[in-house]
Amino acid sequence: MSEYQYYEFLAVDRPLTGEQINALRQISTRAQITPVSFINHYNYGSFKGDPDKLMQHYFDVHVYVANWMTATFMLRLPIDALSQETVDAFKIRYMLDFESTKTHWVITWYLEESENYARFGEESGQGWMPRLAPIREELLRGDIRSLYIGWLAAVTHGTIDDDQMEPLPVNGLGDLTPSQQALAEFLEVDPDLLAGAGIGSKKFQAATVSQEKMDGWIDDLSEKQMKDVIRQILEGEGLQAVRSLQGEFMAWQRELQKDADLPPQRPVAALWENAKKAEKIRLKKAEQKQKQQEVKRQKERENFLKNLSKNLPEMWDSLQHTVQRGSGLAYDDVCRSIVDISDAHARFGDRSRFKKELEQFMAGHMRRKALIQRLVKAGVWKET
């Protein structure tokens with residue numbers, strides 16, 4: 001199997017300038033580069049750029065997949081989007097990493113040495129970006145469940161001991177967003193462990209602020225802050241101005257949430273116990289679904305046989321034409337149809353009549369050994 005690496009970067013807060021695009025083109029002449037994205041893959045050779053530096057200076061989201069069972073997801077957030085307390089609680093070396101610049105956090109979720117050979121035998125990396133990118137906006141709103149999922153990936157892969165506690169209490173683990181579900185899939189978090197973590201978890205409530213409190217926050221903005229925002233808008237950097245102001249507002253909101261009703265922290269051992277419960281629930285649901293599907297299949301089969309029983313002469317005539325093709329596929333079709341006719345007679349007709357009809361049909365085809373073998377194997381004919 002040849003080497004394969006996939007790199008995709010996305011700029012969210014600010015599009016790339018012409019100068020930046022030219023600089024990126026110096027790194028790769030064959031990459032797909034737009035004002036908001038950079039995509040490249042390699043079957044031989046390797047990427048000349050440094051993803052960490054590209055994230056620090058150009059991009060806000062990055063996805064990397066290599067067919068040696070490795071996958072990486074990175075986000076860049078304004079520095080006030082996460083507190084140092086949150087970073088210290090969740091960081092895990094080589095699995096969930098946080099690097100800081102003067103203005104941003106760069107967060108990296110790692111999957112190293114996966115054993116999912118089937119996945120990485122087919123994995124191209126394409127499609128993950130639109131599924132994972134919304135996590136950035138969720139974190140900006142104060143939703144840290146994606147960080148918890150990164151920590152839970154470490155639990156899945158045996159990096160966290162059973163006596164260790166959850167890093168921080170988090171609500172909403174039982175009703176994850178589609179992007180959070182995708183992250184768990186990307187990092188190969190144990191599905192039962194993930195479901196178990198959500199047992200008893202309260203629903204996630206996004207921060208809400210009254211109009212009165214919002215007006216109070218706006219009144220507290222300094223004249224300089226307001227001028228900076230207006231200047232950015234007039235200079236064509238409206239998106240950056242909005243992002244900056246939203247970041248400050250969301251940081252203020254998160255301060256209001258510190259006293260929110262959060263669950264007690266649990267040890268890892270308790271999470272694994274919950275995983276066993278989740279497994280039982282999953283297996284029971286799967287069994288119920290299988291039974292429902294079987295009932296549905298039997299009902300559909302019964303309706304099919306009932307309709308077939310009303311048109312048996314036409315069916316036998318049709319099989320006379322099919323068998324004349326003399327091919328293996330034709331014999332397979334004939335055999336399946338004869339089994340259907342047999343079942344239709346057993347359910348809605350007369351078994352002795354079926355025997356006579358089959359003997360009449362086979363009277364002209366006794367030299368078709370391949371057909372006879374199929375019918376014998378299906379249990380509708382006996383060799384003499």
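How would you rank 140-149, 44-53, highest first, on the average number of other Cβ atoms within 10 Å across their residues?
The most tightly packed comes first, giving 140-149, 44-53.
Just to be sure I understand, if you calculate percent of Cα pairs over 29 Å apart for this structure, which of (i) 45; (ii) 61; (iii) 57 do you get?
Evaluating percent of Cα pairs over 29 Å apart on these atoms matches (ii).
Helix-only estimate, please: 222 nm mean residue ellipticity of the chain, summing -39500 (n - 2.57) across DSSP H runs of length 4 or more and dividing by its residues, to the nearest 500.
Values: 17 runs with 207 residues, N = 384.
Rounded to the nearest 500, the figure is -17000 deg cm²/dmol.
Identify, among 10, 186, 246, the residue whose Cα sits farthest towards the positive end of the charge dipole of the chain, taking +1 on the Cβ of Lys and Arg and -1 on the Cβ of Asp and Glu, with the dipole about the Cα centre.
186
Relative contact order of the chain: what whole-number percent is it, with Cα pairs under 8 angstrom and at least 6 residues apart?
For the chain, the relative contact order is 12 percent.
Could you give the size of the charge dipole of the chain about its Cα centre, using +1 on the Cβ of each K and R and -1 on the Cβ of each D and E, expressed in debye and rounded to the nearest 20?
Computed about the Cα centre, the dipole is about 2720 debye.
For the chain, with the dipole built from +1 on Lys and Arg beta-carbon atoms and -1 on Asp and Glu ones, taken about the Cα centre, which of 67, 160, 298 lies farthest toward the positive end?
The listed residue farthest towards the positive side: 298.
Express the relative contact order of the stretch 310-378 as a whole percentage, based on alpha carbon pairs under 8 Å and six or more residues apart in sequence.
So the answer I get is 35 percent.
May I ask for the distance between the Cα centers of the stretch 307-342 and the stretch 145-207, given as a whole number of Å?
55
Please give me, ordered by residue number, the GluC sites (Glu not before Pro) of the stretch 124-230 that lie in loop per DSSP and have at most 11 other Cβ atoms within 10 Å.
none
Once you treat every alpha carbon in the stretch 310-378 as an equal point and sum by Debye, what is log10 I(q)/I(0) at q = 0.21, 0.23, 0.28 Å⁻¹?
-0.87, -1.05, -1.49
At what distance in nm do the modelled label points of residue 22 and residue 122 sit from each other, each positioned 7 Å from its Cα along Cα→Cβ?
4.5
Would you give the gap between the C-alpha center of the stretch 44-71 and the C-alpha center of the stretch 268-301, rounded to a whole Å?
Cα centroid of the stretch 44-71 versus Cα centroid of the stretch 268-301: 39 Å apart.
Every number in this text was worked out from the coordinates using simple rules, so none of it is lab data. Fair warning: this is a prediction, and the values are worked out from it, not measured in the lab. Every residue, glycine as well, gets a Cβ built from its backbone with ideal geometry; the counts of neighbours run over all protein chains shown.
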